[in-house]
Ligand SMILES: NC(=O)c1ccc[n+]([C@@H]2O[C@H](COP(=O)([O-])OP(=O)(O)OC[C@H]3O[C@@H](n4cnc5c(N)ncnc54)[C@H](OP(=O)(O)O)[C@@H]3O)[C@@H](O)[C@H]2O)c1
């Protein structure tokens, strides 16, 4: 099992994921845009068990790095720090927050394929985009035998995808592989899977239909 997860972004998604990761037995490093001191109180109150750090410190011993910063801030993160690491892209192009982003708006690819060009050398996996921050703890089910929400992931690196699938499972979700990063569009705002509770068979069926429709165009 992966031991250490670095979460970059100590906001709504970052703090929800930190709590679930701590509850699932991971060592959690969390960072905001500044010093560890700046998020120390937030971490103590909202993420007990997670350790506040700078971005550079947080990623140092992490097997998985979760990007939970606003999408328009992704270029602030130094790709060299993340080279060789499994990096989860939770980020959505959320216009009220991010505004227009020309490099995304004029490109038909999934936002993660574009972001992957910045994080060259990282093993990028797109997931956690289609669940609201407030549902992350609410829908995580770690008890055996209870229905679980399915969360899909997409990656061009099958091994990285499998590691992340294991993490999602430990968090209390049923992972569903979409295949390559290009299929990650299925997880983006405005798509049918966005913000909806699906079981694994339901999400697999939806993904199969959407992938085959996309392939026929
Ligand atoms: N909200 C949702 O339900 C939801 C669901 C799925 C996916 N997402 C995606 O998840 C991401 C985070 O959303 P959110 O709602 O959690 O946002 P948020 O509450 O605004 O939190 C964003 C966090 O990112 C930090 N940050 C900004 N620039 C940074 C940098 N350069 N390095 C490290 N940390 C930095 C901010 O810290 P400072 O205060 O120090 O700037 C803040 O802690 C977004 O991309 C969003 O699209 C959101």
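The values are calculated or read from the model by the stated rules, or taken from the named source; none is laboratory data. As the structure is a computational prediction, the values presented were derived from the model and not from experiment. Quick reminder, even Gly has a Cβ in these numbers, built from the backbone with ideal geometry, and neighbours come from all protein chains shown.
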State whether one or more residues within region 173-195 are within 16 Å of the ligand (Cβ to nearest atom), in contact (Cβ under 8 Å) with a residue 24 or more places away in the chain, out of contact with any helix residue (DSSP H, G or I) (no Cβ under 7 Å at 6 or more places or on another chain) and in a helix (DSSP H, G or I). yes
When restricted to 145, 99, the only residue more than 18 Å from the chain's Cα centre (by Cα), exposed (fewer than 13 other Cβ atoms within 10 Å of the Cβ), away from the ligand (no atom under 11 Å from the Cβ) and under 22 Å from residue 202 (Cβ atoms) is 145
Condition met for residue 136 (within 11 Å of the ligand (Cβ to nearest atom) and not in a loop (DSSP other than H, G, I, E, B)): yes
When you look at residue 108, is it within 15 Å of the ligand (Cβ to nearest atom), under 30 Å from residue 190 (Cα atoms) and not in a strand (DSSP E or B), yes or no? no
Filter result (crowded, with 20+ Cβ neighbours inside 10 Å and either within 16 Å of the ligand (Cβ to nearest atom) or over 23 Å from residue 188 (Cβ atoms) (or both)) within region 120-133: 122, 124, 125, 126, 127, 128, 129, 130, 131
If you check every pair at least six apart or on different chains, which have Cβ atoms under 9 Å apart with a residue in region 31-52 that is at positive phi and modelled with pLDDT of 95 or more first and a residue that is outside any helix (DSSP H, G or I) and surrounded by 14 or more Cβ atoms within 10 Å (Cβ to Cβ) second? 49/27; 49/28
With respect to residue 201, is the statement that it is surrounded by fewer than 14 Cβ atoms within 10 Å (Cβ to Cβ) and assigned to a helix (DSSP H, G or I) true? yes
Pull up region 16-30, narrow it to residues that are touching a residue at least 40 places away in the same chain (Cβ under 8 Å), away from the ligand (no atom under 11 Å from the Cβ) and not in a loop (DSSP other than H, G, I, E, B), then point me to the one that is farthest from the chain's Cα centre (by Cα). 23
Checking residue 80 against (1) out of contact with any helix residue (DSSP H, G or I) (no Cβ under 6 Å at 6 or more places or on another chain); (2) within 11 Å of the ligand (Cβ to nearest atom), only one condition comes out false. Which one? (2)
What are the pairs, 6+ residues apart or on separate chains, where a residue within region 82-94 that is free of Cβ contacts under 8 Å to residues at least 12 places away in the same chain has its Cβ under 6 Å from a residue that is within 7 Å of the ligand (Cβ to nearest atom)? none
Residue match in region 26-42 (condition: crowded, with 20+ Cβ neighbours inside 10 Å and under 30 Å from residue 217 (Cβ atoms)): no
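Is it the case, given these coordinates, that residue 151 is more than 21 Å from residue 74 (Cα to Cα), modelled with pLDDT of 95 or more, within 13 Å of the ligand (Cβ to nearest atom) and surrounded by 24 or more Cβ atoms within 10 Å (Cβ to Cβ)?
Criteria met by residue 151.
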Do you know which residues across region 5-15 are part of a helix (DSSP H, G or I) and over 12 Å from the mean Cα position of the chain (by Cα)? 12, 15
Tell me yes or no: at least one residue of region 86-94 is surrounded by fewer than 17 Cβ atoms within 10 Å (Cβ to Cβ) and farther than 22 Å from residue 157 by Cβ. yes
